[in-house]
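Okay, so here's the structure we're looking at.
The values are calculated or read from the model by the stated rules, or taken from the named source; none is laboratory data. Bear in mind that the values here come from a model prediction, so they are computed numbers and not experimental data. Note that each Cβ is placed from the backbone with ideal geometry, even for glycine, and that neighbours are counted across all protein chains shown.
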Amino acid sequence: MSSITVKVLALWLFYIPVAFSAGIGDVFHVKQGSENGGCDSHLSDLTRWWTESQAMASAGLSAFDDANGNAGDTKTKNAKHALQKYLGIDDDTSNEDKEDIKSILLDVQLFMAKKKFLKDDLPWLFCDSTWLEQKSRTDKIEECGEEVEIQDSAKYGPQLEADESSVPYYSSDLDQYVVDQVWGEGGVCASSRELGVTQGLTDPSTVTLCPRAFTRTGVETNFGVDAQGKKLRDVLSKSATLFHELFHLVIGSDDTIDATYDLGTLFKHIEKPYTIPGKSEWDGQRNALKNLDRKTNAMLVRTNPETWVFFCTDYWYTLNKNLYWDTTGVSNTA
Ligand SMILES: [Zn+2]
């Protein structure tokens, strides 16, 4: 194919209705510059990731509509199959439950379209964790006209007290503190395997994409590559990190536990939707199952951001490349 044909095809594949065409800079304060979390060297990646995330959201939402078509149509069957496989939605699921589940993805799409506002001010987007500067618990801040140690302040004291090993980090962009564990030089991005971190304790909230999210290998650079005979995980693109973090941001971190990043674990648990799992049944990575409010497998799977990455990607391929994945591995013709 000539490059013009490829470009036209790419535009068509990622066609987004005008109503949903806000840019990433319309809904985020994207940190400028190239230091302290600045995104200037990643702007072209971010623009592409945004378009790809919009395409994933649109495809996933189509599945909910397509599932209401004529029962005998291939399109209806494919949509029902995707809803059942990833989200445990079948003919017994009530319309109310279906709407509740769909609203998770719809809220993300509305946020991306600048039609849903989370707080008074736009959230910040950083491209490294160096926007946070570690401080001491005994550093002084002004509160209600008085100088107090951060650990004694009404605003941050309770969070610091809840975890004795935590420390305050200062953000000059937000002029606020974030309480977190000690990460060392470079912060969470330098000291962990995290690709992205979202937190909603500050106002506005923040999304941090780690440098590794831009440079990692083992995933595609572009969304929508030829997927014939490939595993779903192998056709995910780097934009999955941004799309994943949007669920934490829009729905809230407490309601979007990272129960699993593993497709096999997801499929195993959605088979037993009403079971309340023990911690050992899930992955157990940092941020993993703190199932204190005893969510069922179905609730955990449906609020797990990576579930939506898989579900939307699969159904995007069904709509655009006539492929789908079953629970055993490589793609099939839809
Ligand atoms: Zn996550």
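Given segment 70-170, what strands (runs of 3 or more DSSP E) lie entirely inside it while holding 2 or more residues that are acidic (Asp, Glu)?
140-143, 146-149
Any residue in segment 76-84 that is over 25 Å from Pro204 (Cα atoms), under 20 Å from the mean Cα position of the chain (by Cα) and surrounded by fewer than 19 Cβ atoms within 10 Å (Cβ to Cβ)?
No; the residues of segment 76-84 include none that is over 25 Å from Pro204 (Cα atoms), under 20 Å from the mean Cα position of the chain (by Cα) and surrounded by fewer than 19 Cβ atoms within 10 Å (Cβ to Cβ).
Name every residue in segment 30-50 that is touching a helix residue (DSSP H, G or I) at 6+ places or on another chain (Cβ under 8 Å), surrounded by 14 or more Cβ atoms within 10 Å (Cβ to Cβ) and not small (Gly, Ala, Ser), in order of residue number.
Residues satisfying the conditions are Val30, Lys31, Asn36, Cys39, His42, Asp45, Leu46, Trp49, Trp50.
Which one of these is over 27 Å from Ser44 (Cα atoms) and hydroxyl-bearing (Ser, Thr, Tyr): Tyr261, Tyr169?
Tyr169
Within the bounds of segment 287-298, is there any residue that is outside any loop (DSSP other than H, G, I, E, B), at pLDDT 90 or above and touching a helix residue (DSSP H, G or I) at 6+ places or on another chain (Cβ under 8 Å)? So that I can check it myself, show each step before the final result.
Narrowing segment 287-298 to residues outside any loop (DSSP other than H, G, I, E, B): 297-298.
Now drop any that are not at pLDDT 90 or above, which leaves 297-298.
Of the ones still in play, those that are also touching a helix residue (DSSP H, G or I) at 6+ places or on another chain (Cβ under 8 Å) are 297-298.
Yes, segment 287-298 contains at least one residue that is outside any loop (DSSP other than H, G, I, E, B), at pLDDT 90 or above and touching a helix residue (DSSP H, G or I) at 6+ places or on another chain (Cβ under 8 Å).
Can Ser53 be described as farther than 24 Å from Thr307 by Cα and either under 20 Å from the mean Cα position of the chain (by Cα) or free of Cβ contacts under 8 Å to residues at least 12 places away in the same chain (or both)?
no
Let me confirm something: among Tyr274, Tyr261, which residue is among the aromatic types (Phe, Trp, Tyr), part of a loop (DSSP other than H, G, I, E, B), surrounded by fewer than 22 Cβ atoms within 10 Å (Cβ to Cβ) and within 15 Å of the ligand (Cβ to nearest atom)?
Tyr261
Do any residues in segment 196-225 that are among the acidic types (Asp, Glu) have Cβ atoms under 7 Å from those of residues that are within 16 Å of the ligand (Cβ to nearest atom), where the two are at least six apart or on different chains, and which pairs are they?
Glu220/Leu236
Name the residue, out of Gly196, Gly224, Gly187, that is within 13 Å of the ligand (Cβ to nearest atom) and of a type in the set (Gly, Ala, Ser).
Gly196
Of Pro211, Pro204, which residue is in the same structural domain as Phe311 (by TED's automatic domain parsing), at pLDDT 95 or above, closer than 24 Å to Ser103 by Cα and away from the ligand (no atom under 15 Å from the Cβ)?
Residue meeting the stated conditions: Pro204.
For segment 133-158, enumerate the residues that are among the basic types (Lys, Arg) and under 21 Å from Glu185 (Cα atoms).
Passing the criteria: Lys135, Arg137.
So Gly264 ticks every box in (1) assigned by TED's automatic domain parsing to the domain that holds Phe117; (2) under 21 Å from Phe310 (Cα atoms) but one. Which box is left unticked?
Condition not satisfied by Gly264: (1).
Does any residue of segment 228-245 turn out to be among the charged types (D, E, K, R), within 16 Å of the ligand (Cβ to nearest atom) and closer than 19 Å to Leu209 by Cβ?
Scanning segment 228-245, I find at least one residue that is among the charged types (D, E, K, R), within 16 Å of the ligand (Cβ to nearest atom) and closer than 19 Å to Leu209 by Cβ, so the answer is yes.
Taking the residues in segment 186-230 that are outside any loop (DSSP other than H, G, I, E, B) and in contact with a Phe, Trp or Tyr (Cβ under 6 Å, 6 or more places away or on another chain) as candidates, determine which candidate is nearest to Asp45 (Cα to Cα).
If we filter segment 186-230 for residues that are outside any loop (DSSP other than H, G, I, E, B), which is where we start, we get 187-191, 196-199, 206-209, 211-215, 220.
Applying the additional criterion that residues be in contact with a Phe, Trp or Tyr (Cβ under 6 Å, 6 or more places away or on another chain) yields 191, 206, 208.
On the way: Ser191: 23, Thr206: 19, Thr208: 15 Å.
Selected residue: Thr208.
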